[in-house]
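Before any comments, here is the structure.
Read-outs: derived from the displayed coordinates by stated rules, not from any lab. Keep in mind it's a predicted model, so treat the numbers as computed, not measured. No Cβ is skipped: glycine too gets one built from the backbone with ideal geometry, and neighbour counts run over all protein chains shown.
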Amino acid sequence: MTEAWGPDDDKPRPFPGPVRVRVPAKINLHLGVGPLRADGFHELSTVYHAISLFDELTARRGDTLALTMEGEGAGELELDESNLIIRAARALARRARVPAHARLHLRKTIPLAGGLAGGSADAAAALLACDLLWGTGFSKDELAEIGAELGSDVPFLLYGGTALGTGHGEAVSPILARPTTWHWVVAIADGGLSTPAVYRELDRLRDGPWPPAALESPDELMGALRQRKPEVLGAALANDLQPAALSLRPALADVLKAGYDAGAVTGIVSGSGPTCVFLATDGPHAEQVASRLAAAGVCRTVVAARGPMPGARAV
């Protein structure tokens, strides 16, 4: 248990710690991008899917709020007030009216700016870890409400699984389907892509003489999930941001081709890129595709993963 309960009440008390929270990366099986709204966001219709690539955040008691890290992005990721972990902890403290005091340590595996929502995942982990550490007792829905103010993907990464996202992605509804494990190969690129830059490039392409076609509703994708056949799901994967990511990083076309050549069912740019993900038929096939793709030398590293995975949770 990570919560300490009083004998005479039904609310959690602060936990002495440490609290350790694991949170998955996400991919978008369908990402339909609508026009730019007045609030600066694009209207989205997306199907989120959490996969077995994880970050881990440990929270301990402290006299101030401090963040350290190891792993992916160490030395590159700012650990100051601009970091989503720090922002999430402070947002929770404000809502709960408690001091924002914690020593936080991040073990990072999800790449920076890779289209896998690593920053949002870490914000989700911080909300849950600090809620448990401080005994604020918020429900997951309440944490998701706070998370929506920090980033569109944060609510989903608290819930995990496979879900429909609407609005600018923050309104999350689980997709009900028979339990199925899907197998993926994740091709991680050198360097990242700025999500705002990819959206701006999509707007530019759409204003040009040959605009890319916009996706329809995710109904086909959700139907494919229920059929539980990799070839059917593969045919339904789609991402409106892919043309913009390819425009900014043309070498991603080589990664996608290499994945097909390695025997993947299909491949797609993950979110805003530059990570690409490939669907495999099963676990051994995923390992085979990963090995062949790694040998092609078109990306920094390749990992096999599966989904769906639960969202942020204490371990």
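Things worth noting here:
- Packing rank of 288-300, 58-70, 208-220, where each peptide gets the mean count of other beta carbons within 10 Å, highest leading: 288-300, 58-70, 208-220
- Footprinting exposure proxy for Lys108, Lys257 (fewest neighbouring C-beta atoms within 10 Å first): Lys257, Lys108
- Cα gyration tensor category, rounded, prolate or oblate, for the stretch 177-280 with a/c compared to 1.5: oblate
- Size of charge dipole - the stretch 182-307 - debye, nearest 20, with Cβ of Lys, Arg +1 and Asp, Glu -1, no other charges: 200 debye
- Overall, the anisotropy analysis places the stretch 59-199 in the oblate class: the square-rooted eigenvalues a ≥ b ≥ c of its C-alpha gyration tensor yield a/c not less than 1.5, with a/b not exceeding b/c.
- Degrees between helix 84-96 axis and first principal axis of the chain (Cα, 0 to 90, nearest 10): 40 degrees
- Among the GluC sites (Glu not before Pro) in the stretch 112-156, those placed in a DSSP loop whose Cβ has at most 15 other Cβ atoms within 10 Å are Glu149.
- For the stretch 36-105 versus the stretch 231-295, the gap between their alpha-carbon centres in whole angstrom: 28 Å
- Filtered trypsin sites (Lys or Arg not before Pro), the stretch 154-244: DSSP coil and at most 15 other beta carbons within 10 Å: Arg228
- Principal-axis tilt of helix 252-261 within the chain, Cα atoms, nearest 10 degrees: 70 degrees
- Degrees, to the nearest 10: 195-206 long Cα axis against longest axis of the chain: 40 degrees
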